[in-house]
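The values are calculated or read from the model by the stated rules, or taken from the named source; none is laboratory data. This one's a predicted model, so the numbers in the text were calculated from it and none came from an experiment. Reconstructed Cβ throughout: ideal geometry from the backbone, glycine too, with neighbour counts over all protein chains shown.
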Amino acid sequence: MILSLTGMSGSGKTYWSQKLTDHGFSRICCDDLIEEKLAPELVKLGYSGIADVAAWLGQPYEPKFKENEAQYLKFEKQIL
């Protein structure tokens, strides 16, 4: 059986996926895989962890956002 958990930030995806591992399910976290692909870029800026991915991405009004968003979405599509 394959389950996919999707939802907004803070909706419990990580919590429930970790609970499912207790019942023999394998867990693949797309955020972790995207973070791995972004690692070289993040390290250059002194960033690490998923919270720093958000800092790297920035806000939509910041000049860096469009380019970083495109890179993030490219990796997200590759992983999915």
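Tabulated data
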read-out	value
Residues of region 1-26 satisfying the condition of being among the charged types (D, E, K, R) and either surrounded by 12 or more Cβ atoms within 10 Å (Cβ to Cβ) or in a helix (DSSP H, G or I) (or both)	K13, K19
Residue tally, condition surrounded by 12 or more Cβ atoms within 10 Å (Cβ to Cβ), outside any helix (DSSP H, G or I) and free of Cβ contacts under 8 Å to residues at least 12 places away in the same chain, over region 28-58	3
Extreme residue, modelled with the highest pLDDT, among residues of region 59-80 that are surrounded by fewer than 12 Cβ atoms within 10 Å (Cβ to Cβ), of a type in the set (A, V, I, L, M, F, W, C) and within 18 Å of C29 (Cα to Cα)	L73
Per-region count, region 32-78, residues over 10 Å from the mean Cα position of the chain (by Cα) and β-branched (V, I, T)	1
